[in-house]
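Below: one structure, written as structure tokens.
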Amino acid sequence: MNYHIMTLFPEMMEKCLGESIIGRALRAGLISVDIVNIRDHADPGRKGRVDDYPFGGGAGMVMQAGPIDRAYQSIRAGLDHDPRVIYLTPQGRVFDQPMARELAAEEDLVFLCGHYEGVDERIIEKIVTDNVSIGDYVLTGGELPALVMIDAISRMVPGVLSNAESGEEESFSDGLLEYPQYTRPADYQGMKVPDILLSGDHAKVAAWRREQSLLRTRERRPDLLK
Ligand code: 6GU
């Protein structure tokens, strides 16, 4: 899996991606990340500025099509196919686990992180294949949503998680929330671990966990049961 990220904040992306399981996957060569600073593709004479006033008036600035187009062409030139290009926007389809699984099968993914009030609509028409949102709230830019997506997609890439970390039993893999987990001590300030987990009866433990998953999902996320 090769990620290509177009952004105005390359250091933010580099820092976040170097840590934890994603950083380990990068160092192992299971994924790669190529960060393109849109500012490096500014119009000549604009001293690295890539935004301008909106036609028709209104508050805020709009990112120009040209710099984004050139940033994209610099990525496309290194590939032998047209990649999926994801524009992070609250106006997109809401990201979920099935989408993460689907995108994990791609060879290359391009992310366009917008800022200011948005980007010129014509570059979205020209290069974007998928408009994606991470939920119903408004963020200041597409960088955090891109990082959220890269995290969720990468853990679906074969080899990124060890067997012990593997997602099989986690929340959403079977459409249910995860059951509660406990570790030592068995008595924490008078709060005891459920007896069944100390019983050694694997069938009973499995049945209890399944029941807890169902109860928890009905209580917290009844929408998932429909
Ligand atoms: Cl993808 N971008 C922005 N700016 N805000 C968001 C979002 C994306 N998803 C939810 N809110």
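List of remarks:
- Qualifying chymotrypsin sites (Phe, Trp or Tyr not before Pro) in the range 1-73, where qualification requires a DSSP coil assignment and no more than 11 other C-beta atoms within 10 Å, comprise F55.
- Calculated accessible area for the range 72-226 comes out at 63 Å² per residue, all protein chains present (probe 1.4 Å; ligands, DNA, RNA ignored).
- Sparse-neighbourhood loop sites, GluC sites (Glu not before Pro) in the range 1-57 - DSSP loop, at most 13 other Cβ within 10 angstrom: E19
- Which of Y116, Q64, S162, positive extreme of dipole for the chain (C-beta unit charges): S162
- Using the Cβ-Cβ distance between R70 and A186 with R0 set to 41 Å, the FRET efficiency works out to roughly 0.10.
- Shown is the FRET efficiency for D96 and A207, computed with R0 = 45 Å from the Cβ-Cβ distance and rounded to the nearest 0.05: 0.95.
- FRET efficiency for the M12 to L214 pair, using the beta carbon distance and R₀ = 41 Å, is estimated at 0.55.
- Taking a ≥ b ≥ c as the square roots of the eigenvalues of the alpha carbon gyration tensor, the range 76-168 is oblate, as a/c is not under 1.5 and a/b does not beat b/c.
- Expressed as a whole percent, the accessible area of the range 2-154 that falls on carbon and sulfur atoms is 51 (1.4 Å probe).
- Where GluC sites (Glu not before Pro) fall in DSSP loop in the range 58-117, at most 12 other Cβ within 10 Å: E107
- This model, with +1 at the C-beta of Lys and Arg and -1 at the C-beta of Asp and Glu, gives the range 2-154 a dipole about its Cα centre of some 280 debye.
- Cβ-based charge dipole, the range 171-226, positive-most Cα from T183, P194, P222: P222
- Sorting the segments 209-216, 82-89 by their mean number of nearby beta carbons within 10 angstrom, highest to lowest, gives 82-89, 209-216.
- Relative compactness, the chain, computed as alpha-carbon Rg over 2.2 N^0.38 Å: 1.27
The values are calculated or read from the model by the stated rules, or taken from the named source; none is laboratory data. Everything numeric here is computed off the predicted structure, so don't read it as measured data. Please note: Cβ atoms are built from the backbone with ideal geometry, for glycine as well, and neighbour counts cover all protein chains shown. The area values use the complete protein model at the heavy-atom level, side chains included, leaving out ligands, DNA and RNA. Shrake-Rupley method; radii C 1.70, N 1.55, O 1.52, S 1.80 Å.
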